[in-house]
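Below: one structure, written as C-alpha cells.
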Number of protein chains: 2
Amino acid sequence: ADSAASNAARDRNGQLTKPPGALGRLENLAIWYAGWRGDAQPQINAPQVIIFAGNHGVCAQGVSAFPAEVTAQMVANFEHGGAAINQLAKAFSARMDVHALSLDTPTADFTQAPAMSEAELLEALQTGWAAVDPQADLLVTGEMGIGNTTAAAALAAALFGGTGADWAGRGTGVDDAGLSRKAAVVDAGLALHDSADPLEALRCLGGRELAAMAGAIAAARHHRIPVILDGFICTAAAAVLEKTHAGALDHSVAGHLSAEGAHQRLLDALGKTPLLNLGLRLGEGSGAALAIGVMKGAIACHSGMSTFAEAGVSDS
Amino acid sequence: ADSAASNAARDRNGQLTKPPGALGRLENLAIWYAGWRGDAQPQINAPQVIIFAGNHGVCAQGVSAFPAEVTAQMVANFEHGGAAINQLAKAFSARMDVHALSLDTPTADFTQAPAMSEAELLEALQTGWAAVDPQADLLVTGEMGIGNTTAAAALAAALFGGTGADWAGRGTGVDDAGLSRKAAVVDAGLALHDSADPLEALRCLGGRELAAMAGAIAAARHHRIPVILDGFICTAAAAVLEKTHAGALDHSVAGHLSAEGAHQRLLDALGKTPLLNLGLRLGEGSGAALAIGVMKGAIACHSGMSTFAEAGVSDS
C-alpha cells in the first residue's frame, strides 16, 4: 500500500464534518482503500465480480446434496442473468464475468489421486490472473462447483491443521450422514497427500475454481485493486496466498461471515473481521457482492464529505 | 402486512435458483418487505431519507462535546450536500429531505420543565407525518440535534425503566465527567416528570426531531412503507410508538447497531436484530442509509432471480 496516500487519507478523515470516529469501521475501510489505490480521495467506479466454475471428482463420494450437472446448469443461469449474483452485481453496478473451467473434465477424486496435475493447476491460476480487468477498482471473486465445500474444507485443513470434522460443513444442505461422509473424505485426502506446501495442497485437494480465485486475488494485488473476500470457499482459496507469503492478503477485506460451518475459524486464522453477518451461505461471491455496498458507502463518505473548514462547522 | 403477498413471496422464495435458506436473512427481509408492500415481487425504486433537526434546552447542563450552534451549521451542511448522510443517500439513490424544527427556539431544559408544550409536540409529530412521501417505497429517518443523545437516554429510561447510568452514552464524544453529568441530568428529568404515558414521556423528555421521527415512522406504516431504523436516538423515538401500541414497529427493521452506549439494550427491548454492526455512532440516519444497500440487495435477489423451472436447474 502507498503510505503517502493512506496518511493523506487519514488526515482528510480527521477534518470531515463528523465527530472523530463516528463513522466507525467505514473510516478505516476508506483509509485502507485509499492506500491501495494510491489516492487520498478515491472513487469506486468500476467494481468487477468474477465467477469461476469447476467440477470435482470427489463428488463420486456422495458429498453434495445436488448432482454435479448443477454446476453447468448454474453457469448457464449466470450467463442468462438469473442467479443471485447477477442481481447483486447489477444492484451495485459491478461488471460481472463468468469463467467455466473445463467442466467436462472434473478434477480427480482427491481420495484417490491429486485433484489436478501441475499443468492443470497452472492453467487455472493463469485463467484467474488473466480474468482480472486491470482497470477495475474493486474485485469480488466468486465460485460455483458442486462438491467444492469439500475441497475447500480439505484445503483449509491442509493449510491450518485439524481434521475433516473441524472443517467440513453442510454446503448446499447435506444431512448428518452427508456431513460425516464429508469429514471422512477430507481425512482420506489429508492422509493420501503430502500437502505441507500451500500450492501443493491447492493442487492435490483444491479445484480449478479455487485456483482461479487465488490467481485473480494475486493479480488484483499486482494491479493494486482491493479485494472483498466472499465465504468459506473463496477464503480457503485466498488463504493459499497468505500461507505462501504472510501479508499477501493485506489488500483484501472479509466481505461477510458465511453460515457455512468453519468460515469463522478460517477468518480467525487469517485475522480478518467480516463486514457483514447475515447468514448467507450461497457462494457465487454473493456475500462479498453485498459488501460492495458497504465499501461504496465508506468511500462516498470519505471522498464526498465537506471538511469542517469547507462547511463552516465548529469542530469542538 | 398483506398475508397473501407474504405467502406468495415465501412460495416464490422457495423456487429460486439457490439451495433453501442459502441467502440467509435476505430471504426473510424480502418476504417481510413484500408483505408490507402488498406485492410478492416488489422493487425498491424510491427510498426516502428524511433528516429532522432540533435544539435542546438541556444543553445548558453541559451534556455535549459540541456547542448548540453546530445543529444549525450541520443543517446548512446537509443543504449544501456536505454531510455523511448526503453521500450515503446519493450512493443508494435515495431522495433526501431536511426539516429544521424551530432551531431558534430550543426545547425547554427538561431538568426544569417539560421539554415541549402539547402544541409543540403535536406540531413536531405532524411535521414528521407530513414529511413522508406517500410514493416512497422505503423510509429512513435521521436526526441532528446537539444534546439529543441525552434526550433519547431520558426517553428510553422513561419507556423501559432503569436509570441515567443505564442509558446515557458518550454521544459525539463526552469525557467521563460529561458522561456522569448526562446520567445525572437524565435522573433529574425522570424525577421531575410523570412520564408513564409514552407520548407524555416524549413531550417532557424528548425533542422536536425525536417527535418528528415518530410521526414519520407512523405515517410510513399508514402508507405501507417499510422503515429502516437508525441508531440510538431514532430507535428511542420509534419506541414511543411500540410502547403506545404493541406491534406498531412491525413495518420497521433495525438498520444497524450503533456504538452509542445503550443502543443494544434498546434493540433488545424492542426485539429487533440489526442488519449491520460497523461501529457507527454518527446519527443523521447514516447507519440506516447504509442498510438501504442490504435491503436493495435482498429485493433484487428475490424479485430478479430465476426459478429452478425457468432456469432449467435441477433442484435436488
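For this structure, a couple of remarks:
- Average 1/r across all pairs of distinct alpha carbons in region B:1-122, invert it, and you get the Kirkwood radius: 18.2 Å.
- Selection among B:163, B:303, B:239 by position relative to the dipole of chain B gives B:303 as farthest towards the positive end (Cβ unit charges, Cα centre).
- Highest-fluctuation residue, A:20, A:47, A:106 considered, GNM on chain A with Cα pairs under 10 Å: A:20
- Alpha-carbon centroid distance for the pair region A:165-179 / region B:234-250, whole angstrom: 41
- Nearest beta-carbon to the A/B symmetry axis - residue in chain A, distance in Å: A:293, 1
- In this structure, the pairs whose alpha-carbon distance is over 31 Å, taken from A:272/A:296; A:243/B:296; B:90/B:272; A:182/A:296; B:18/B:272, are A:243/B:296; A:182/A:296.
- Chain A: relative contact order as a whole-number percent, Cα under 8 Å and 6+ apart: 24
- Degrees between helix B:25-37 axis and first principal axis of chain B (Cα, 0 to 90, nearest 10): 80
- All other residues whose Cβ lies under 13 angstrom from that of residue A:187 are scored, Lys and Arg at +1 and Asp and Glu at -1, for a net of +1.
- Of the residues B:297, B:142, B:283, the one that moves most in a GNM of chain B with alpha-carbon contacts below 10 Å is B:297.
- Sites residue B:105 and residue B:314 - FRET efficiency at Förster radius 60 Å, r taken between beta-carbons, to 0.05: 0.35
- Whole-angstrom Cα spans of region B:47-294 along principal axes, big to small: 43, 37, 35
- Taking every residue in B:269-279 and counting other chain Cβ atoms within 10 Å of its Cβ, the average works out to 3.
- Enclosed volume per residue, in Å³, of the convex hull spanned by Cα atoms of region A:1-73: 174
- Across the protein assembly as shown, the volume of the C-alpha convex hull divided among the residues equals 137 Å³ per residue.
- Whole-angstrom gap from region B:47-93 to region B:116-135, using each part's C-alpha centre: 18
Bear in mind that the values in this text are calculations on the coordinates, not laboratory data. Since the model is a prediction, treat every value here as computed from it, not as a measurement. Glycine gets a Cβ as well: all are built from the backbone with ideal geometry, and neighbour counts include every protein chain shown.
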